[in-house]
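The values are calculated or read from the model by the stated rules, or taken from the named source; none is laboratory data. This one's a predicted model, so the numbers in the text were calculated from it and none came from an experiment. Positions of Cβ are generated from backbone atoms using ideal geometry, with glycine treated the same way; all protein chains shown enter the neighbour counts. Calculation scope for accessible area: heavy atoms of the full protein, side chains included, ligands and nucleic acids excluded. Shrake-Rupley method; radii C 1.70, N 1.55, O 1.52, S 1.80 Å.
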Amino acid sequence: MTSMTHPEQGSESKHISIAEPSILDLQNVTISYSGKAAVRNVSFPIAEHKITSIIGPSGCGKSTLLRALNRMNDFVDDVSLEGTISYLGENLYGKDIDPVTLRRRIGMVFQKPNPFPKSIYRNVSWGPQINGYKQPLDDLVEHSLVQAALWNEVKDRLHESALSLSGGQQQRLCIARALAMSPDILLMDEPCSALDPISTSHIEDLLFELKSQYTIVIVTHNMQQAARASDYTAFLEMGMLIEFGATKQMFTVPRQKRTEEYVTGRFG
Amino acid sequence: MQKSRVSGTPYIDNLVARRRKARLFRTLCAGVTWLGVVLLGLLLYQAGVDGIKWLDWQFLSSFPSRFPEKSGIKSALFGTLWLIALIAIISIPISVATALYLQEFSSKGRISRLIELNISNLAGVPSIVYGIIGLAIFVRGFQLERSLISGALTMSLLISPVIIIASREAIKSVPVNIRHAAYALGATRWQTSWSHVLPAAFPGILTGVILALSRAIGETAPLIMIGALTYVAFLPAGPMDAFTALPIQIFNWVSRPQQEFHELAAAAIIVLLAVLLVMNAAAIYIRHKSEQKLK
Ligand SMILES: Nc1ncnc2c1ncn2[C@@H]1O[C@H](COP(=O)(O)OP(=O)(O)OP(=O)(O)O)[C@@H](O)[C@H]1O
Ligand SMILES: [Mg+2]
């Protein structure tokens with residue numbers, strides 16, 4: 001198990017530095033369910049207007065970590081977080097941060113599609129509406145659906161139930177719904193796991209497009225996707241950060257042997 | 001039991017026995033269901049045979065009287081309709097709000113478990129006990145006298161636990177990921193509950209409400225306890241008026257010696273059942289509509 005050395009104990013410095021300014025900064029983050037750590041002592045920055053992917057085997061804590069970034073873990077019973085996550089310099093878990101306002105600015109697409117049992121239109125318009133969006137909703141709905149590569153399939157049935165869509169369409173609807181809020185940061189938990197290659201490439205194109213306005217953190221099991229789409233990659237294993245770095249470097253000259261084994265599929 | 005034809009598999013192919021068991025179970029369930037239907041049918045038949053000849057406009061539009069031919073259920077029917085409306089207005093908002101609070105807002109600590117336990121217990125308290133409480137609190141304590149409002153408040157006490165329990169179950173069964181979707185869009189707990197949880201729970205809540213209201217309009221004991229009148233020859237004009245209700249009228253007629261009054265009671269039972277049926281049909285219709293909307 002020599003290859004399992006934690007980067008912090010290895011050659012990497014404690015503070016991993018990146019060229020760009022960071023919008024989120026994780027410092028020694030440990031997240032536990034009922035006292036059992038699912039994420040252990042993880043530190044890395046998330047660069048503004050870049051795509052950061054989180055990869056790692058199933059159950060290694062990717063979703064847990066992602067949910068910590070917009071405080072969705074608040075809804076899980078008996079979960080605790082140590083360490084700090086700062087959002088533009090402010091402690092995300094500080095007293096003066098209102099989680100409701102925070103989630104408006106840090107949006108999320110979940111691992112499983114979870115559309116509201118309402119019309120397609122309402123799914124997209126509800127978020128902006130409750131948050132006091134003043135401009136015409138029709139334009140926003142159309143724009144968001146176009147961005148999520150769903151518009152052409154649903155433009156004639158906007159007022160039908162979202163549950164009548166296929167799984168992949170539902171997931172794109174969820175992406176559109178998150179985009180309609182124009183968040184600062186978009187957290188995506190395996191957004192393409194239910195999608196066909198064509199929709200997947202649509203979504204990847206979308207990620208590139210969105211990069212100029214948004215910061216994106218994406219969890220993925222698809223190595224090609226991580227390699228193609230992201231600027232930075234964090235590799236987790238059993239809750240620990242094995243390696244973090246620029247994607248290109250991680251996929252060509254990884255510093256850790258485990259990383260190499262994982263990204264090349266020789267994982268075992 | 002036969003051994004599987006595919007040799008070497010560790011399964012024993014006892015499909016025949018399993019199918020037989022399934023068939024037996026289905027027959028049993030069907031039998032029990034039909035027994036209920038048949039008993040209900042017999043009851044309806046009995047009431048129908050006795051009561052149908054009295055069931056005419058005169059019966060619906062007359063006040064009770066000493067003479068069976070002149071007797072009717074006008075005041076009782078109006079009393080029952082008044083009661084349903086008042087009970088619904090009082091108990092639905094309170095019960096649904098309570099259920100929502102317990103399920104979505106309160107911390108799941110010891111106190112909320114205690115409240116939960118108590119509500120379950122209240123649902124099992126005999127109705128006569130609610131009658132006594134109603135008499136002490138509403139009739140005497142608040143000096144509401146033997147009025148519709150006293151009756152409605154008492155009945156609301158009686159059925160609220162049932163609505164709360166049904167509503168909580170309905171709210172609990174709304175998938176948690178719908179809530180998460182709403183929270184992730186920057187919704188508050190209230191916005192999430194109002195826009196997503198309650199609408200999704202609505203069909204279940206409605207079922208609970210209708211069951212509870214149906215129970216309320218058939219209850220006699222608490223109304224007798226708080227002193228609903230048995231002979232009322234006027235229509236209540238407002239919630240503060242004295243009243244009678246169908247079950248009380250039925251009870252009153254059944255306890256008379258003359259055969260004609262027993263038949264009048266049977267006719268009133270038909271009317272009571274018809275009211276129940278209309279309520280249930282309305283509920284099914286509304287539920288169907290709302291489920292269509294959710295699909
Ligand atoms: N709500 C929860 N309560 C208790 N334990 C949990 C909960 N959610 C996750 N865990 C545990 O935390 C660990 C990490 O789970 P997590 O969902 O973050 O993994 P993941 O990396 O997203 O996996 P996958 O790729 O399969 O989605 C797992 O061991 C899991 O059992
Ligand atoms: Mg996950």
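Only Cα pairs under 8 Å and at least 6 apart count here; give the relative contact order of region B:58-294 as a rounded whole percent. Relative contact order for region B:58-294 comes out at 27 percent.
Chains B and A together bury roughly 1800 Å² of accessible area, counting both sides, with a 1.4 Å probe on protein heavy atoms only.
Taking trypsin sites (Lys or Arg not before Pro) across region B:89-135, the ones in a DSSP loop with at most 11 further Cβ atoms lying within 10 angstrom of their Cβ are B:108. Modelled spin labels at residue A:48 and residue B:260, positioned 7 Å past Cα toward Cβ, are 9.3 nm from each other. Of the listed residues A:208, A:235, the order by accessible area with a 1.4 Å probe, largest first, is A:208, A:235. Over the protein assembly as shown, accessible surface divided per residue gives 49 Å², non-protein components excluded, 1.4 Å probe.
Interface residues of region A:99-120, defined as a loss of at least 20 Å² in heavy-atom accessible area between the chain alone and the complex of all protein chains with a 1.4 Å probe, are A:100, A:103, A:110, A:114, A:116, A:117, A:118.
For region B:112-136 versus region A:96-175, the inter-centroid distance based on Cα atoms is 45 Å.
Here region A:2-263 exposes an accessible surface that is 49 percent carbon and sulfur, computed with a 1.4 Å probe and the other protein chains kept in place. Sites listed here are GluC sites (Glu not before Pro) in region B:134-237 whose DSSP assignment is loop and whose Cβ has at most 16 other Cβ atoms within 10 Å: B:145. What relative contact order, as a whole-number percentage, does region B:132-260 give when Cα pairs under 8 Å and 6 or more residues apart are counted? Once divided by the residue count of region B:132-260, the mean separation gives 34 percent. Along Cα→Cβ, 7 Å out, is where each label goes; now give me the distance between the ones at residue A:30 and residue A:160 in nm to one decimal. Placing both labels 7 Å beyond Cα along the Cβ direction yields 5.2 nm. Modelled spin labels at residue B:38 and residue B:52, positioned 7 Å past Cα toward Cβ, are 2.2 nm from each other.
Taking a straight line from the alpha carbon of residue B:70, these lysines sit under 28 Å away, with near neighbours fewer than eight places off in the same chain left out: B:53.
Using the Karplus relation 6.51 cos²θ - 1.76 cosθ + 1.60 with θ = phi - 60°, the per-residue 3J(HN,Hα) values for region A:45-54 come to x, 10, 6, 5, 6, 10, 9, 10, 9, 10 Hz, with x marking Gly and Pro. Between region B:224-276 and region A:219-244, the C-alpha centres lie 75 angstrom from each other. When A:95, B:289 are compared by accessible area at a 1.4 angstrom probe, the order from most to least is A:95, B:289. Of the chymotrypsin sites (Phe, Trp or Tyr not before Pro) found in region B:224-295, those that fall in a DSSP loop while having at most 15 other beta-carbon atoms within 10 Å are B:231, B:234. Rolled with a 1.4 Å probe across the full set of protein chains, the surface gives residue B:165 an accessible area near 60 Å². Across the protein chains, with a 1.4 Å probe defining accessible surface, the residues B:129, A:217 rank B:129, A:217 from largest area downward.
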